[in-house]
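The values are calculated or read from the model by the stated rules, or taken from the named source; none is laboratory data. Values in this document were obtained by computation on a predicted structure and should not be read as measured data. Using ideal geometry, Cβ is built from the backbone for each residue, glycine included, and neighbour counts are taken over all protein chains shown.
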2 protein chains.
Amino acid sequence: MVNIAVLGYGTVGSGVVEVINTNHKSINKRAGDDIHIKYVLDLRDFPGDPVEDVLVHDYEVIANDPEVDIVVEVMGGIEPAYTFVKRALLSGKSVCTSNKALVAKHGPELMEIARERDINFLFEASCGGGIPIIRALNSSLTADEIDEITGILNGTTNYMLYKMSTEGCEFDTVLKEAQAKGYAEADPTADVEGYDACRKIAILSSLAYGRFLNYEDIYTEGIAKITPEDMEYAKELGMTIKLLATSRRVGDGSFYAMVAPFLLGQNSPLFSVNDVFNGVFVHGNVLGDAMFYGSGAGKLPTASAVVADVVDEAKHLHRNIMTNWSSHPLCLMDMKEVAGRFFVRVKGTTVDQVEAVFGKVEIVNLKQLPGEFAFITSHMKQGEYMDKISALGDSVLTMIRVKD
Amino acid sequence: MVNIAVLGYGTVGSGVVEVINTNHKSINKRAGDDIHIKYVLDLRDFPGDPVEDVLVHDYEVIANDPEVDIVVEVMGGIEPAYTFVKRALLSGKSVCTSNKALVAKHGPELMEIARERDINFLFEASCGGGIPIIRALNSSLTADEIDEITGILNGTTNYMLYKMSTEGCEFDTVLKEAQAKGYAEADPTADVEGYDACRKIAILSSLAYGRFLNYEDIYTEGIAKITPEDMEYAKELGMTIKLLATSRRVGDGSFYAMVAPFLLGQNSPLFSVNDVFNGVFVHGNVLGDAMFYGSGAGKLPTASAVVADVVDEAKHLHRNIMTNWSSHPLCLMDMKEVAGRFFVRVKGTTVDQVEAVFGKVEIVNLKQLPGEFAFITSHMKQGEYMDKISALGDSVLTMIRVKD
């Protein structure tokens with residue numbers, strides 16, 4: 001029997017209990033052992049709930065019980081999650097978590113402790129909800145050097161952009177709708193400003209490249225500036241606008257990473273990742289293109305990922321399985337050196353003036369938006385773009401990067 | 001050091017050697033050991049090739065060398081692959097293979113031998129080329145009961161249907177083009193008749209449901225009857241036609257499986273899997289929808305999957321890791337009991353006559369195809385459809401299933 005303790009009986013925690021109870025037969029078969037929920041920790045009481053018998057209010061009970069093999073941290077937030085998780089690992093208990101903030105901030109230290117003790121600290125549910133992308137990077141794509149990871153990693157903003165694209169809604173309208181549906185929180189900053197996606201791409205990049213990427217180093221831009229007019233231009237170009245979290249190896253050992261809205265063409269497998277779904281595109285030097293698609297959030301998909309970690313930890317109780325992790329920092333290129341193409345909407349200038357600055361560009365006009373036009377630059381470094389665009393002064397309405 | 005022997009130095013075999021040489025540093029890090037190619041078996045000589053020094057013509061050398069830990073079978077075909085693989089397993093060597101025919105036919109026996117000896121028989125590359133779908137089913141989606149797997153598992157036919165859809169070509173024209181590009185073989189039967197996809201869905205279903213599905217039990221229909229006119233109807237409906245290999249749990253413990261062309265709507269994540277790419281859709285009872293996308297064939301993507309198996313076997317040299325495999329047979333429902341909707345093209349009949357038989361149906365007319373029309377039935381069992389359609393006699397031009 002493998003005893004687990006679930007920290008937090010909120011949405012994900014109750015999902016974890018539900019998944020383990022519903023699929024206990026197949027889960028135990030996969031784990032090769034009987035997974036038993038010995039404790040659920042929560043400050044609240046749940047009278048009449050099946051977990052009543054195993055509910056504890058004091059973490060000491062769990063920390064001091066040597067029979068607990070695996071601690072499942074699904075409380076969220078940095079504290080007390082960090083203290084609880086660290087203590088569990090130090091006492092030889094494996095831990096799995098859905099807490100991206102914890103992993104992005106304290107991942108290196110916690111993984112180091114797990115490695116030293118030959119136990120595991122797993123976090124499949126921290127990125128892409130139910131999509132098994134962490135396990136793919138750690139255990140499946142092991143023959144490859146990963147060159148690029150690009151993800152739609154935030155379901156809330158993907159839903160909002162999808163609605164703006166298909167229904168022509170304004171940002172504020174669609175944000176209210178997302179809040180009414182429970183997709184966006186009362187304070188939507190973490191989603192719409194890209195902070196959530198930023199932590200996730202930091203975690204995925206660290207695993208893919210085998211060096212720790214600090215999320216605070218990643219250039220991050222949200223979607224609040226995107227308008228229905230931008231979407232109309234995208235449509236005219238046969239493209240769409242998505243909030244992408246991306247990192248890429250450039251040449252030998254140089255990397256860049258950013259979170260920003262991008263114009264995306266139909267040739268990308270991420271083009272059709274719509275609504276609240278997430279998708280993660282990976283390019284490997286021998287594999288080529290691959291993409292993983294699924295529910296990025298939600299009680300049960302997230303719980304599915306957490307419980308898959310529990311199964312893996314039960315199968316590897318005294319064997320560390322994170323093979324491509326390192327605390328050695330991943331240093332990023334200066335954003336000025338990152339090259340790409342830029343879509344720019346301008347008003348009060350002419351094609352001649354634009355081409356005097358940028359050379360030949362692709363021009364887009366929309367009948368319904370007279371008095372303005374848009375252009376797409378050739379491939380250039382961002383520093384060069386910044387220098388050139390300043391010549392167009394106040395005529396610049398907006399700039400959106402184009403995904404190559 | 002982990003010694004491997006590669007059986008077959010054809011396309012995949014030379015890819016395996018290339019991948020191990022190119023990415024040796026990261027591969028050894030992932031494996032936690034030094035992967036060393038001790039032998040390459042081929043009947044031919046390769047003067048000047050780097051493998052010349054390790055090339056052997058006689059399998060006895062490999063079979064009798066106790067230092068060989070892992071045998072990589074990439075010869076294809078049933079014999080002598082089956083004899084070589086069985087002998088390797090019986091002598092305690094783990095085996096990985098890209099050979100779907102071998103796995104579909106002898107998988108249960110070979111996996112049983114591996115399990116008894118606590119070694120491994122892995123076959124990631126046998127389904128979906130570089131897409132890590134086998135490892136996902138075995139190691140990632142372990143918290144779920146899988147309800148459905150539906151894949152575009154044959155790149156050749158997907159390329160052909162894509163060309164028919166986008167360029168309006170006839171089947172014969174696009175087949176010649178596929179052969180000229182090297183996508184289709186001189187004898188294209190295995191691809192276009194669905195036999196290749198059939199073996200793959202048999203393997204994936206066996207892993208997903210934990211019971212052995214014999215590929216010979218699967219109803220299989222190819223794409224030779226699909227015409228550009230069918231594609232025009234599909235477009236009118238906002239759909240496309242794909243060769244799907246699918247299996248599904250119906251209620252508690254009943255399953256069906258089939259390979260057939262299907263009309264597919266834009267709400268399916270498989271809708272955008274175009275060209276030679278493969279995609280595998282999975283539905284889990286807690287995960288919900290997920291999809292895995294990538295190169296279904298090709299030297300390096302396939303070799304990437306084979307080498308990932310080598311890494312996994314090196315990490316688990318004396319521990320069997322296929323946790324959801326059983327030789328217990330998976331019995332399928334009678335096809336007559338399988339329900340769905342049916343798209344039917346008719347000529348020389350009327351909507352009234354059709355509706356007299358089928359009740360209210362969805363009608364599609366194409367201006368460019370006067371004198372005929374098409375309809376989509378309501379949801380019904382295939383047996384009921386067969387009974388009813390016979391009333392329309394010779395007026396039926398074609399029937400294609402609709403993916404729900």
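Okay, residues lined up against (1) among the polar types (S, T, N, Q); (2) buried (at least 17 other Cβ atoms within 10 Å of the Cβ):
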site: A:Ile363; (1), (2): no, no
site: A:Phe373; (1), (2): no, yes
site: A:Ser378; (1), (2): yes, no
site: A:Lys381; (1), (2): no, no
site: A:Asp387; (1), (2): no, no
site: A:Asp394; (1), (2): no, no
site: A:Ile400; (1), (2): no, yes
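For B:Thr142, state whether it is within 14 Å of chain A (Cβ to nearest Cβ) and touching a Lys or Arg at 6+ places or on another chain (Cβ under 8 Å).
Yes, satisfied.
Please verify whether A:Thr166 is more than 30 Å from B:Ala308 (Cα to Cα), in a helix (DSSP H, G or I), over 20 Å from the mean Cα position of the chain (by Cα) and of a type in the set (Val, Ile, Thr), treating the condition exactly as stated.
Yes.
Just the residues that are small (Gly, Ala, Ser) and either part of a helix (DSSP H, G or I) or surrounded by 15 or more Cβ atoms within 10 Å (Cβ to Cβ) (or both), please, taken from segment B:311-338.
Those that are small (Gly, Ala, Ser) and either part of a helix (DSSP H, G or I) or surrounded by 15 or more Cβ atoms within 10 Å (Cβ to Cβ) (or both): B:Ala314, B:Ser326.
Kindly establish whether A:Gly251 is closer than 25 Å to A:Arg211 by Cβ, more than 10 Å from every other protein chain (Cβ to nearest Cβ) and surrounded by fewer than 23 Cβ atoms within 10 Å (Cβ to Cβ).
It is true that A:Gly251 is closer than 25 Å to A:Arg211 by Cβ, more than 10 Å from every other protein chain (Cβ to nearest Cβ) and surrounded by fewer than 23 Cβ atoms within 10 Å (Cβ to Cβ).
Just to verify a result, which residue in segment A:258-280, among those that are assigned to a strand (DSSP E or B) and more than 13 Å from the chain's Cα centre (by Cα), is nearest to A:Lys181 (Cα to Cα)?
A:Pro261
Give the number of residues within segment B:1-16 that are in contact with a strand residue (DSSP E or B) (Cβ under 6 Å, 6 or more places away or on another chain), of a type in the set (A, V, I, L, M, F, W, C) and part of a helix (DSSP H, G or I). Steps first, please.
Within segment B:1-16, the first condition is being in contact with a strand residue (DSSP E or B) (Cβ under 6 Å, 6 or more places away or on another chain), and the residues that meet it are B:1-7, B:9, B:13, B:16.
Next, from what is left, pick out any that are of a type in the set (A, V, I, L, M, F, W, C): B:1-2, B:4-7, B:16.
Imposing the further condition that a residue be part of a helix (DSSP H, G or I) reduces the set to B:16.
The qualifying residues number 1.
Within segment B:254-272, restricting attention to residues that are under 18 Å from B:Ile133 (Cβ atoms) and at pLDDT 95 or above, which residue is nearest to the other protein chains (Cβ to nearest Cβ)?
B:Leu270
Among the residues of segment A:178-194, are any touching a residue at least 40 places away in the same chain (Cβ under 8 Å) and surrounded by fewer than 18 Cβ atoms within 10 Å (Cβ to Cβ)?
Taking every residue of segment A:178-194 in turn, none turns out to be touching a residue at least 40 places away in the same chain (Cβ under 8 Å) and surrounded by fewer than 18 Cβ atoms within 10 Å (Cβ to Cβ).
Every residue, every condition in (1) surrounded by fewer than 17 Cβ atoms within 10 Å (Cβ to Cβ); (2) within 27 Å of the chain's Cα centre (by Cα); (3) hydrophobic (A, V, I, L, M, F, W, C), yes or no:
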position	(1), (2), (3)
A:Val2	no, no, yes
A:Tyr9	no, yes, no
A:Ser14	no, yes, no
A:Lys25	yes, no, no
A:Lys29	yes, no, no
A:His36	yes, no, no
A:Ile62	no, no, yes
A:Val68	no, no, yes
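As an exercise: evaluate A:Gly76 against (1) more than 13 Å from chain B (Cβ to nearest Cβ); (2) touching a strand residue (DSSP E or B) at 6+ places or on another chain (Cβ under 6 Å); (3) not acidic (Asp, Glu) and give the number of the one condition it does not meet.
Failed condition: (2).
Please go through segment A:354-368 and give me each residue that is of a type in the set (D, E, K, R) and farther than 19 Å from A:Glu229 by Cβ, ordered by number. Step through it out loud before you land on a result.
Of all residues in segment A:354-368, those of a type in the set (D, E, K, R) come to A:355, A:360, A:362, A:367.
Selection gives A:Glu355, A:Lys360.
Test B:Leu175 against the stated conditions and say whether it is touching a residue at least 60 places away in the same chain (Cβ under 8 Å), among the aliphatic types (A, V, I, L, M) and at negative phi. So that I can check it myself, show each step before the final result.
Details: touching a residue at least 60 places away in the same chain (Cβ under 8 Å): no; among the aliphatic types (A, V, I, L, M): yes; at negative phi: yes.
No: the conditions fail for B:Leu175.
Quick one: is A:Ala63 in contact with a helix residue (DSSP H, G or I) (Cβ under 8 Å, 6 or more places away or on another chain), among the small types (Gly, Ala, Ser) and farther than 22 Å from A:Leu300 by Cα?
For A:Ala63, the condition - in contact with a helix residue (DSSP H, G or I) (Cβ under 8 Å, 6 or more places away or on another chain), among the small types (Gly, Ala, Ser) and farther than 22 Å from A:Leu300 by Cα - is met.
Would you please name the residue that is surrounded by the fewest Cβ atoms within 10 Å (Cβ to Cβ), looking only at residues in segment A:278-301 that are more than 8 Å from chain B (Cβ to nearest Cβ) and modelled with pLDDT of 95 or more?
Checked segment A:278-301; the qualifying residue surrounded by the fewest Cβ atoms within 10 Å (Cβ to Cβ) is A:His283.
Quick check, is B:Gly348 more than 30 Å from B:Ala202 (Cβ to Cβ) and either exposed (fewer than 13 other Cβ atoms within 10 Å of the Cβ) or within 14 Å of chain A (Cβ to nearest Cβ) (or both)?
On the way: more than 30 Å from B:Ala202 (Cβ to Cβ): yes; either exposed (fewer than 13 other Cβ atoms within 10 Å of the Cβ) or within 14 Å of chain A (Cβ to nearest Cβ) (or both): no.
In short, no.
Between B:Asp289, B:Asp252, B:Asp230, which is of a type outside the set (S, T, N, Q), assigned by TED's automatic domain parsing to the domain that holds B:Thr189 and assigned to a loop (DSSP other than H, G, I, E, B)?
Details: B:Asp289 fails: assigned to a loop (DSSP other than H, G, I, E, B); B:Asp230 fails: assigned to a loop (DSSP other than H, G, I, E, B).
None of the other options fit; the residue is B:Asp252.
If you check B:Asp118 against the conditions, is it surrounded by 22 or more Cβ atoms within 10 Å (Cβ to Cβ), assigned to a loop (DSSP other than H, G, I, E, B) and touching a residue at least 40 places away in the same chain (Cβ under 8 Å)?
no
Within the set of pairs 6 or more residues apart or between chains, which connect a residue that is within 8 Å of chain B (Cβ to nearest Cβ) and under 17 Å from B:Ile146 (Cβ atoms) inside segment A:10-33 to a residue that is small (Gly, Ala, Ser) and buried (at least 18 other Cβ atoms within 10 Å of the Cβ) with Cβ atoms less than 7 Å apart?
Sorted first by the residue in segment A:10-33, then by its partner, the pairs are A:Val19/A:Ala303; A:Val19/A:Ser304; A:Val19/B:Ala143; A:Asn23/B:Ala143; A:Ile27/B:Ala143; A:Ala31/A:Ala314.
Considering B:Asp334, B:Asp312, which residue is at the interface with another protein chain (Cβ under 10 Å from one of its Cβ atoms), over 18 Å from B:Glu145 (Cβ atoms) and charged (D, E, K, R)?
Values: B:Asp334 fails: at the interface with another protein chain (Cβ under 10 Å from one of its Cβ atoms).
From the options B:Asp334, B:Asp312, the qualifying one is B:Asp312.
Would you call B:Ala143 in contact (Cβ under 8 Å) with a residue 60 or more places away in the chain and under 25 Å from B:Arg345 (Cβ atoms)? First the steps, then the outcome.
Working: in contact (Cβ under 8 Å) with a residue 60 or more places away in the chain: yes; under 25 Å from B:Arg345 (Cβ atoms): no.
No.
Okay, residues lined up against (1) more than 14 Å from chain B (Cβ to nearest Cβ); (2) assigned to a helix (DSSP H, G or I); (3) closer than 23 Å to B:Gly288 by Cβ; (4) of a type outside the set (Lys, Arg):
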site: A:His106; (1), (2), (3), (4): yes, yes, no, yes
site: A:Glu109; (1), (2), (3), (4): yes, yes, no, yes
site: A:Gly129; (1), (2), (3), (4): no, no, yes, yes
site: A:Asp147; (1), (2), (3), (4): no, no, no, yes
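Answer yes or no: is there a residue in segment B:163-173 that is over 20 Å from B:Ile400 (Cα atoms) and in contact with a strand residue (DSSP E or B) (Cβ under 9 Å, 6 or more places away or on another chain).
no
Does segment B:25-42 hold any residues that are at pLDDT below 95 and not in a helix (DSSP H, G or I), and which are they?
B:Gly32
Taking the residues in segment A:182-228 that are more than 15 Å from the chain's Cα centre (by Cα) and of a type in the set (Lys, Arg) as candidates, determine which candidate is nearest to the other protein chains (Cβ to nearest Cβ).
Taking the candidates together, the pick is A:Arg211.
Just to verify a result, which residue in segment B:239-253, among those that are at pLDDT below 95 and not acidic (Asp, Glu), is nearest to the chain's Cα centre (by Cα)?
Checking each candidate, the answer is B:Val250.
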